[in-house]
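For reference, the structure is listed below as structure tokens.
The values are calculated or read from the model by the stated rules, or taken from the named source; none is laboratory data. All figures in this text were calculated on a predicted structure; none of them were measured in a lab. FYI the Cβ positions are ideal-geometry reconstructions off the backbone, even for glycines, and counts take in every protein chain you see.
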Amino acid sequence: MKNSQLIGALALAWTLLPVAGCTGDTQAVTPESAPAAPAGGSAATAPTGGGDVLATVGARSITRAQVEETVRAQLLAVENQRYEALRGGLDQLVSQALIEQEAAARGSNPEALVQTEVMLKATTPTEAEIAQLYEQAKGQLQNRELDEVRPQLIGYLTQQQQGQRQAEFLAELRAKYPTKIALRPPIIEVDSAGRPSKGGAADAPIRIVMFSDYECPFCKRGEDVVDQVMATYGDKVHLVFRDYPLPFHANARPAAEAAHCANDQGKFWEYHGTLFSNQTALTVADLKRYAGELGLDQGKFDSCLDDGTFKAEVEKDFVAGGSVGVDGTPAFFINGRMLSGAQPFEQFKAIIDEELSADS
């Protein structure tokens with residue numbers, strides 16, 4: 001393998017689980033249903049040539065601005081995809097440059113440096129780690145015996161640990177060879193819309209707006225990662241929760257409305273946690289039972305849920321999410337930078353640390 005191919009391969013990050021989320025055919029956000037920019041969000045950069053006339057129908061003109069507003073969600077998705085592709089390529093070239101410079105400083109070559117600093121320093125998987133991975137993946141492995149799949153598990157863990165050591169080594173090299181990234185991601189302004197929040201103050205350096213679905217298992221995984229983020233960064237992070245109940249999750253929308261009813265009595269986060277801990281039991285009867293267990297005013301809660309008091313608010317969140325490019329759950333906006341799916345903690349950390357550095 002050529003040096004550039006080896007370094008390029010090592011520049012890719014390995015993760016234990018693939019990024020995933022709940023997706024499906026959600027309702028389209030039409031110009032009539034889309035909220036005004038401050039309510040849902042908008043790209044930070046205004047469209048260019050917004051007054052250009054792209055078509056005429058009789059006496060009526062259709063401008064570029066109208067077209068861009070109609071397909072805003074798709075355009076935002078394309079902008080994010082373009083950034084991710086550019087950032088991936090940039091990170092690969094930066095990693096290659098760092099390794100080549102360090103190899104030259106040591107009078108070595110890139111292949112030997114990678115072998116010494118990454119391959120040989122990566123830890124060997126322990127029996128406990130192998131057993132833990134086997135338990136996590138047992139269903140996907142069709143319940144085959146541990147001894148039968150041990151070589152594959154060891155290979156997977158070894159690759160993961162090499163990836164972790166690679167990331168550590170590249171961080172060491174970035175500290176040694178000052179590295180500045182000028183490429184900036186597209187920023188999407190997403191309003192909190194008065195929704196429940198926690199963590200630091202509203203003007204905290206990191207603001208995360210999360211769109212989620214109580215019936216989505218990937219959202220539960222996202223919740224666990226968000227808890228880790230909040231524990232790690234404390235008051236530096238202000239978290240806002242917004243609803244995005246997917247149409248094919250029959251209980252997600254009533255659950256979202258119920259959470260608003262709990263919020264009306266000052267117990268949103270307690271009720272929110274209960275819903276995610278009981279994702280397979282979200283019938284109306286269950287929702288009312290949880291209210292009682294949390295000591296809410298049962299009569300008031302039941303009336304709130306039965307009357308659909310917060311139905312319109314949940315719908316506003318759903319439409320607002322679609323207007324800023326959300327098409328599945330969970331979806332996060334970290335200081336306006338979109339992160340889709342059940343991403344690992346390391347992905348959040350990379351963005352948050354970058355934002356904090358830019359702020360300092």
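Kindly state which helices (runs of 4 or more DSSP H) lie completely within the range 246-360 and contain at least 1 residues that are under 30 Å from residue 181 (Cβ atoms) and hydrophobic (A, V, I, L, M, F, W, C).
On the way: elements: 252-263, 268-277, 284-293, 298-306, 311-323, 345-359.
Those helices (runs of 4 or more DSSP H) span 345-359.
Which of the following residues is at pLDDT 90 or above, among the hydrophobic types (A, V, I, L, M, F, W, C) and not assigned by TED's automatic domain parsing to the domain that holds residue 324: 86, 76, 141?
86
Identify the residue in the range 302-360 that is in contact with a helix residue (DSSP H, G or I) (Cβ under 6 Å, 6 or more places away or on another chain) and of a type in the set (Ser, Thr, Tyr) and, among all such residues, is modelled with the highest pLDDT.
Residue satisfying both the conditions and the ranking: 329.
Any residue that is under 28 Å from the mean Cα position of the chain (by Cα), in a helix (DSSP H, G or I) and among the aliphatic types (A, V, I, L, M) - is there at least one of those in the range 134-143?
Scanning the range 134-143 turns up at least one residue that is under 28 Å from the mean Cα position of the chain (by Cα), in a helix (DSSP H, G or I) and among the aliphatic types (A, V, I, L, M).
Applying the selection to the range 341-360, what residues are of a type in the set (Val, Ile, Thr) and touching a residue at least 60 places away in the same chain (Cβ under 8 Å)?
Of everything in the range 341-360, just one residue is of a type in the set (Val, Ile, Thr) and touching a residue at least 60 places away in the same chain (Cβ under 8 Å), namely 352.
Quick check: anything in the range 122-141 closer than 30 Å to residue 326 by Cα, of a type in the set (A, V, I, L, M, F, W, C) and out of contact with any His (no Cβ under 9 Å at 6 or more places or on another chain)?
yes
Could you identify the single residue in 92, 161 that is in a helix (DSSP H, G or I) and in contact with a Ser or Thr (Cβ under 6 Å, 6 or more places away or on another chain)?
Matching residue, one of 92, 161: 161.
To keep it simple, each residue is scored yes or no on (1) under 16 Å from residue 330 (Cβ atoms); (2) touching an Asp or Glu at 6+ places or on another chain (Cβ under 6 Å).
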| residue | (1), (2) |
| --- | --- |
| 214 | yes, no |
| 217 | yes, no |
| 221 | yes, no |
| 225 | yes, no |
| 229 | yes, no |
| 232 | no, no |
| 235 | no, no |
| 240 | yes, no |
| 249 | yes, yes |
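Listed here are the residues, each with its yes/no results for (1) touching a strand residue (DSSP E or B) at 6+ places or on another chain (Cβ under 9 Å); (2) in the same structural domain as residue 249 (by TED's automatic domain parsing); (3) buried (at least 19 other Cβ atoms within 10 Å of the Cβ).
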position	(1), (2), (3)
283	no, yes, no
289	no, yes, no
299	no, yes, no
304	no, yes, yes
318	yes, yes, yes
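So how many residues does the range 232-246 have that are out of contact with any strand residue (DSSP E or B) (no Cβ under 7 Å at 6 or more places or on another chain) and farther than 15 Å from residue 219 by Cα?
Result for the range 232-246: 2.
Among (1) over 25 Å from residue 301 (Cα atoms); (2) modelled with pLDDT under 95, where does residue 280 come up short?
So the condition that residue 280 fails would be (1).
I'd like to know if the range 72-92 contains one or more residues that are of a type in the set (Val, Ile, Thr), loosely packed, with under 14 Cβ neighbours inside 10 Å, free of Cβ contacts under 8 Å to residues at least 12 places away in the same chain and more than 30 Å from residue 319 (Cβ to Cβ). Spell out how you get there, then give the answer.
From the range 72-92, those of a type in the set (Val, Ile, Thr) are 78; that's our starting set.
Okay, now just the ones that are also loosely packed, with under 14 Cβ neighbours inside 10 Å, so 78.
Add one more test, that the residue is free of Cβ contacts under 8 Å to residues at least 12 places away in the same chain, and what stays is 78.
Keeping just the survivors that are more than 30 Å from residue 319 (Cβ to Cβ) gives none.
No, because not a single residue in the range 72-92 is of a type in the set (Val, Ile, Thr), loosely packed, with under 14 Cβ neighbours inside 10 Å, free of Cβ contacts under 8 Å to residues at least 12 places away in the same chain and more than 30 Å from residue 319 (Cβ to Cβ).
Is it the case that residue 224 is under 26 Å from residue 204 (Cβ atoms) and under 20 Å from the mean Cα position of the chain (by Cα)?
yes
Name the pairs whose Cβ atoms lie under 7 Å apart, with the first residue in the range 283-295 and free of Cβ contacts under 8 Å to residues at least 40 places away in the same chain, the second among the charged types (D, E, K, R) and in a helix (DSSP H, G or I), and 6 or more positions between them or separate chains?
Qualifying pairs under 7 Å: 288/302; 294/270.
Quick grid of which residues meet (1) surrounded by 18 or more Cβ atoms within 10 Å (Cβ to Cβ); (2) within 26 Å of residue 253 (Cβ to Cβ):
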position: 127; (1), (2): no, no
position: 137; (1), (2): no, no
position: 145; (1), (2): no, no
position: 157; (1), (2): yes, no
position: 184; (1), (2): no, no
position: 218; (1), (2): yes, yes
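Between a first residue in the range 173-185 that is under 15 Å from residue 358 (Cα atoms) and a second residue that is assigned to a helix (DSSP H, G or I) and of a type outside the set (A, V, I, L, M), which pairs have beta carbons less than 7 Å apart while being 6 or more apart in sequence or on different chains?
Qualifying pairs under 7 Å: 183/87; 185/83.
Got a number for residues in the range 243-255 being crowded, with 18+ Cβ neighbours inside 10 Å and free of Cβ contacts under 8 Å to residues at least 60 places away in the same chain?
So the count comes out to 4.
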